[in-house]
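Below is one structure, written out as structure tokens; comments come after it.
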Amino acid sequence: QVQLVESGGGLVQPGGSLRLSCAASGIIVSTYTMGWYRQTPGKERDLVAQIDSGGATTYADSVKGRFTISRDYDKNLMYLRMLSLKPEDTAVYYCNALKWGHTTWGQGTQVTVSL
């Protein structure tokens with residue numbers, strides 16, 4: 001059974017930084033397309049960043065240059081390093097694993113950027 005657990009969210013001031021982690025069980029993250037999505041109330045869940053099994057990365061335009069997605073092969077973790085955070089980055093962030101058309105979601109972690 002595939003399970004994803006996010007951590008690292010919290011309250012941060014504008015301009016601050018956070019690192020989100022996604023711990024995976026039941027899969028090897030390096031063999032999946034792994035992604036971070038975010039969602040605010042009343043809106044759709046949007047892709048923030050993605051890394052495929054070959055290591056190629058994709059970022060939403062709004063986070064390019066500020067966010068970095070990465071994987072730790074030894075710990076089977078995925079990260080999202082977020083710098084220069086803005087109030088509009090406030091959302092619930094979800095970890096996603098995709099392979100062969102099957103997708104799994106974590107439970108989400110709240111990120112709030114505010115004074």
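Take 32-45, 7-20 and order them by the average number of nearby Cβ atoms within 10 Å per residue, most first; the result is 32-45, 7-20. Once C-alpha pairs closer than 8 Å and six or more residues apart are averaged by separation and normalised to the residue number of the chain, the relative contact order reads 37 percent.
The Cβ shell under 14 Å around T40 holds other residues with a net charge of 0, Lys and Arg each +1, Asp and Glu each -1. Net charge around R66, counting only other residues with Cβ within less than 10 Å of its Cβ (Lys, Arg = +1; Asp, Glu = -1)? Its environment carries a net charge of +2.
Placing dummy labels 7 Å off each Cα toward the beta-carbon, the span from D74 to E88 is 3.9 nm. Entry comment: accessible area of the chain is 54 Å² per residue, from protein heavy atoms only and a probe of 1.4 Å.
Simple spin-label estimate for K99 and S62 gives 3.0 nm between the two label positions (7 Å along the Cα-to-Cβ direction from each Cα).
I'd like the carbon and sulfur percentage of the solvent accessible area for segment 25-115, probe radius 1.4 Å, heavy atoms only, ligands and nucleic acids excluded.
Answer for segment 25-115: carbon and sulfur cover 51 percent of the accessible area.
Applying a DSSP loop filter and a limit of 16 other Cβ atoms within 10 Å to the chymotrypsin sites (Phe, Trp or Tyr not before Pro) in segment 64-113 leaves Y73, W100.
The values are calculated or read from the model by the stated rules, or taken from the named source; none is laboratory data. The shown structure was predicted, so the numbers you read here are calculated from the model rather than taken from an experiment. Note: ideal-geometry Cβ built from the backbone for every residue, glycine included; neighbour counts use all protein chains shown. All accessible areas refer to the heavy atoms of the entire protein, side chains included, with ligands and DNA or RNA removed. Shrake-Rupley method; radii C 1.70, N 1.55, O 1.52, S 1.80 Å.
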